[in-house]
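Inspection log for the structure reproduced underneath, given as structure tokens.
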Amino acid sequence: MNSFPHKRIAVIGTTGAGKSTLAKILSKRFNIPYIELDALYWEPGWQEADPSVFWKRVENAIDGEAWVTAGNYRAVQHLIWDKAEAVIWLDFPLYILFWRLLTRTVRRGWTQEELWNGNRETFWWHLKLWSQDSLFHWLFKTYWRRKREFPVLLSLPGYEHLTVYRFMHPSELETWLQSVG
């Protein structure tokens, strides 16, 4: 895998950080399967998968020797981190995440890009900042919590085997990406 020694990689971060984009890049660069946790979680019509179904889908997806996941689902985090060799944490400033989320949401709303299982985002959902359906609501709800929780979770007994790459700005990530092939 070029100069990057890990074959099982979990990409984590707050909404809008670019988890899926990075995971796809790593998947192509290192020729390993890409696992989009949202695709395993969301059923048609934006219905949540039954927890046991989601769990089984993730177990099956990470059964291989090599993979890269994108997502932060607590229900399956331990399954992934137990098997992962590396965690890449995209810990970017809020203003960058907000801008990325805004441009992505506008693009997806305009193009009606299909995401998972026929689901598409509606721009107007996200303007309702008080609504649980709004990704902007989710960003503000989880941003500071993830900054507090991820260091604690990553230091728990049982995760000593993980190599953690924490990027505080997209420029750091770009420099690192250039160094790994």
### Task
Might you report the magnitude of the Cβ-based charge dipole of the chain about its Cα centre, with Lys and Arg at +1 and Asp and Glu at -1, to the nearest 20 debye?
460 debye
### Task
Take peptides 167-177, 58-68 and line them up by average Cβ neighbours within 10 Å, highest first, as a rough protection proxy.
58-68, 167-177
### Task
Taking the Cβ of residue 32 as the centre, find all other residues whose Cβ is under 10 Å away and add up their charges (Lys, Arg: +1; Asp, Glu: -1).
+3
### Summary
FRET efficiency for residue 60 and residue 3 from the Cβ-Cβ distance with R0 = 35 Å, rounded to 0.05, comes out at 0.70
### Task
Taking the chain as the reference, fit the longest principal axis to its C-alpha atoms, fit the long axis of helix 19-30 to the helix C-alpha atoms, and give the angle between the two in degrees, 0 to 90, nearest 10.
40 degrees
### Message
Just the number: Rg to Rh for the chain, Cα atoms, Kirkwood Rh, two decimals.
### Response
0.95
#### Entry: R0 of 35 Å, Cβ-Cβ distance residue 175-residue 50: FRET efficiency to nearest 0.05
0.25
### Task
Subtract the Cα-Cα distance of residue 163 and residue 79 from 0.36 nm times their separation in residues, and report this length gain in nm to one decimal.
28.6 nm
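Readers should treat all values here as calculations from the given coordinates under stated rules, not as data from a laboratory. Predicted model only: the values in this text are computed from it and were never measured. So basically every Cβ, Gly included, is an ideal-geometry build from the backbone, and we count neighbours across all protein chains shown.
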